[in-house]
1. Separation between the residue 82 and residue 40 pseudo-spin-labels, each 7 Å from Cα along Cα→Cβ, expressed in nm?
2. Give me the extension gain from residue 60 to residue 72: residue separation times 0.36 nm, minus the current Cα-Cα distance, reported in nm with one decimal.
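Values quoted throughout were computed directly from the atomic coordinates according to the rules given, and no laboratory measurement underlies them. The structure displayed is predicted, hence computed values, not measured ones. As a convention, Cβ positions derive from the backbone with ideal geometry for all residues, glycine included, and neighbour counts pool all protein chains shown.
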């Protein structure tokens, strides 16, 4: 955990610097906002040791039929535990 605290500022700095360059080419202000949101979600995946592709694939397949009042469960910091519970349930 101490190592993660040391890496967090560096990760934020790296994402901010790369994002700042990419936001210029987002096409519009709304596009830049969406890009910033995706950077935030991918950063959260990295901080929680989650494969972003696995997370995004699972969320996209489940979000359409997911209850509105439980959407927070699909955020990366909450997803890992619920995804593991589903895998265990499907295995049994």
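1. Spacing of the two 7 Å Cα→Cβ label points: 1.8 nm.
2. Extending this stretch completely gives an extra 2.9 nm.
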